[in-house]
Amino acid sequence: MMTNTGNRVTQGQFSFLPDLTDQQITAQVKYALENSWAVGIEYTDDPHPRNTYWEMYGNPMFDLKDPAGILTELHDCRKTFPNHYIRITAFDSTRGWETPRMSYIVNRPPKEPGFGLARQEGDSRAIRYRISSYATDKPEGERY
Amino acid sequence: MLDADSGVTNPATSVAGTDAPAAEPKKGGGDLDAPQTVDAVLRESQVETVMADLERDLVGLAPIKQRIRDIAALLVIDRLRLNMGLQAQSPSLHMSFSGNPGTGKTTVAMRMAEILHRLNYVRRGHLVAVTRDDLVGQYIGHTAPKTKEVLKKAMGGVLFIDEAYYLYRPENERDYGQEAIEILLQVMENQRDDLVVILAGYKDRMDTFFQSNPGMSSRIAHHLDFPDYSHEELREIADRLLAAMNYRFGEGAREVFGDYLARRLKLPHFANARSVRNALDRMRLRQASRLFADRYRELTEADLTTIEPSDILASRVFG
């Protein structure tokens, strides 16, 4: 965790960069639409790295021509979940199934408490490690 | 490292877009290379070719063409004002097209999307044509997502709502059409930069629709009435349609077709250019059967392309 001071969750693309501005998000969405990928918005308040299935905010958006529609939806999502993690994913269907092509976080809680490491002594003194976000000690919806 | 399992291929190309300026600026902002004359804007946007196509391809419709020229002029001048650093509030360009069937409403809407795109008013210039079914849902809570999805698809282009008056059904107070209208109104007002809405339909019913939805009427700046075509214009349309399909009128056939039109105009359900096209299609059928009957005759190109008077006279309007 020393490489990532500030406890920021780093999942997907651009996560080591400063937060993307709306203008930069528009440019990224435009790139996805130009490749005719479907774009979806997902949110969660469980930042565990193995939590790959986030909740979808509305349906994935197919056949859009312009990023404005996705940005509208993103603003709605931010209004509903101001303190959740929100990411934008782009899916490519050229292989006959929807392959994630892009995924980047576009909203994060103001304060990310980071992860705790717990050790468990197992058989033959083997050590098992477990990480969990300090935020997930609280019930869903009250975490951030 | 927490990104190990995010399951995302990370194409280097997509990172490149990060610091590029997002979406080319909608309108040139005060820079020195910006065009300073009407001519420069016209040349840069190549809007004139679209206007010329419109002038050439569409028969009649003088008031419509004039209004489109006015709108184009306003947008060009606004571009110049913006280049000088003057304030140019982007005008509201939502439109209503009313007119009888077959007067060219959809065709013009398609051209309109192209023109607005050339003038940088909309970013993409595609046309999304919908009817009530695409906007209004079947049950409670179905309408809003449906309408929003259509609106999102139309963003950056033109949303064309055909027979818009079906959205409002006063006889059923639980109709979900009203909900779609409210969402439409909200987006038309707040996201004027993102899309242009064109409502189309028959004149009298559109008038009733606007009377019962004053909010809609006041948000639409341009009410365009499509006039019916005159007899002469319809004949010209027939000539062009035939030429486009590689057919031509044989000797005397054009006059017979004029006679056909005069008789057809008096009958009910005349749908202008659409009726002309249908009539031509039926003539092609008759021509084909006529040639078909002559099994062993060697057919020349002229035979295959000529519509004879007899193909027209077989129509039931002459009965």
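The values are calculated or read from the model by the stated rules, or taken from the named source; none is laboratory data. Remember, predicted model here, so these are calculated numbers, not experimental data. With ideal geometry, Cβ positions are generated from the backbone for all residues, glycine too; neighbour counts draw on all protein chains shown.
Would you mention how many residues in region B:308-319 are within 23 Å of B:Ala244 (Cβ to Cβ) and either in contact with a Gly (Cβ under 6 Å, 6 or more places away or on another chain) or loosely packed, with under 10 Cβ neighbours inside 10 Å (or both)?
Summing the residues that are within 23 Å of B:Ala244 (Cβ to Cβ) and either in contact with a Gly (Cβ under 6 Å, 6 or more places away or on another chain) or loosely packed, with under 10 Cβ neighbours inside 10 Å (or both) in region B:308-319 gives 2.
Give the residues of region B:132-147 that are among the hydrophobic types (A, V, I, L, M, F, W, C) and assigned to a helix (DSSP H, G or I), sorted by residue number.
Hits for region B:132-147 are B:Leu135, B:Ala144.
Name the residue, out of B:Leu42, B:Leu93, B:Leu54, that is modelled with pLDDT of 80 or more, under 30 Å from A:Asp22 (Cα atoms) and not hydroxyl-bearing (Ser, Thr, Tyr).
Details: B:Leu42 fails: under 30 Å from A:Asp22 (Cα atoms); B:Leu54 fails: under 30 Å from A:Asp22 (Cα atoms).
When all the criteria are applied, what remains is B:Leu93.
Would you mind finding the one in A:Arg50, A:Arg87 that is in a strand (DSSP E or B) and within 12 Å of another protein chain (Cβ to nearest Cβ)?
When all the criteria are applied, what remains is A:Arg87.
If you scan region B:132-151, which residues turn out to be of a type in the set (A, V, I, L, M, F, W, C), more than 22 Å from B:Gly201 (Cα to Cα) and more than 13 Å from chain A (Cβ to nearest Cβ)?
B:Ile140
Checking B:Pro35 against (1) exposed (fewer than 12 other Cβ atoms within 10 Å of the Cβ); (2) modelled with pLDDT under 80, only one condition comes out false. Which one?
(1)
Going through region A:107-124 one residue at a time, which ones are away from chain B (no Cβ under 13 Å) and under 25 Å from A:Gln23 (Cα atoms)?
A:Asn107, A:Pro109, A:Pro110, A:Lys111
Among the listed residues B:Arg169, B:Arg118, B:Arg111, B:Arg174, identify the single one that is at pLDDT below 90, crowded, with 18+ Cβ neighbours inside 10 Å and more than 27 Å from A:Thr26 (Cβ to Cβ).
It is B:Arg111.
Sort out which residues of region B:239-286 are among the hydrophobic types (A, V, I, L, M, F, W, C), within 15 Å of B:Ala314 (Cα to Cα) and surrounded by fewer than 17 Cβ atoms within 10 Å (Cβ to Cβ), and write them in order of number.
Within region B:239-286, just B:Leu285 meets the criteria.
A:Ala27 is checked against (1) within 8 Å of chain B (Cβ to nearest Cβ); (2) under 19 Å from A:Arg101 (Cβ atoms); (3) part of a loop (DSSP other than H, G, I, E, B); (4) out of contact with any His (no Cβ under 8 Å at 6 or more places or on another chain) and fails just one. What number does that condition carry?
(3)
Looking at region B:159-210, which of its residues are touching a Lys or Arg at 6+ places or on another chain (Cβ under 6 Å) and farther than 24 Å from B:Leu119 by Cβ?
Hits for region B:159-210 are B:Tyr165, B:Tyr166, B:Leu167, B:Asp175, B:Gly177.
So, of the residues in region A:93-106 that are more than 9 Å from chain B (Cβ to nearest Cβ) and not in a loop (DSSP other than H, G, I, E, B), which turns out to be surrounded by the most Cβ atoms within 10 Å (Cβ to Cβ)? Before the answer, list the steps.
The first filter runs over region A:93-106 and keeps only residues more than 9 Å from chain B (Cβ to nearest Cβ), leaving A:93-98, A:105-106.
The next check asks that each one be not in a loop (DSSP other than H, G, I, E, B); those that pass are A:105-106.
Numbers: A:Ile105: 22, A:Val106: 24.
Among those residues, the one meeting the criterion is A:Val106.
Whether any residue in region A:60-69 is among the acidic types (Asp, Glu) and facing chain B (nearest Cβ under 7 Å) is what I want to check.
Yes, because at least one residue in region A:60-69 is among the acidic types (Asp, Glu) and facing chain B (nearest Cβ under 7 Å).
Any idea how many residues of region A:74-84 are surrounded by fewer than 21 Cβ atoms within 10 Å (Cβ to Cβ) and within 12 Å of another protein chain (Cβ to nearest Cβ)?
Number of matching residues: 2.
Within region A:69-84, restricting attention to residues that are in a helix (DSSP H, G or I) and touching a residue at least 24 places away in the same chain (Cβ under 8 Å), which residue is farthest from B:Leu127 (Cα to Cα)?
Taking the candidates together, the pick is A:Arg78.
For B:Pro268, work out the one condition from (1) assigned to a loop (DSSP other than H, G, I, E, B); (2) modelled with pLDDT of 90 or more; (3) of a type outside the set (Ser, Thr, Tyr) it doesn't fulfil.
All conditions pass for B:Pro268, except number (2).
Here is a list: B:Ala113, B:Ala88, B:Ala129, B:Ala109. Which entry is within 14 Å of chain A (Cβ to nearest Cβ) and out of contact with any Gly (no Cβ under 8 Å at 6 or more places or on another chain)?
Within the list B:Ala113, B:Ala88, B:Ala129, B:Ala109, the selection yields B:Ala129.
Got at least one residue in region B:214-234 being surrounded by 19 or more Cβ atoms within 10 Å (Cβ to Cβ), touching a residue at least 60 places away in the same chain (Cβ under 8 Å) and of a type in the set (Phe, Trp, Tyr)?
Yes, the conditions are met somewhere in region B:214-234.
On the basis of being crowded, with 20+ Cβ neighbours inside 10 Å, over 24 Å from B:Glu55 (Cβ atoms) and among the acidic types (Asp, Glu), does B:Glu179 make the cut?
Numbers: crowded, with 20+ Cβ neighbours inside 10 Å: yes; over 24 Å from B:Glu55 (Cβ atoms): yes; among the acidic types (Asp, Glu): yes.
Here the answer is yes, as B:Glu179 does meet what is asked.
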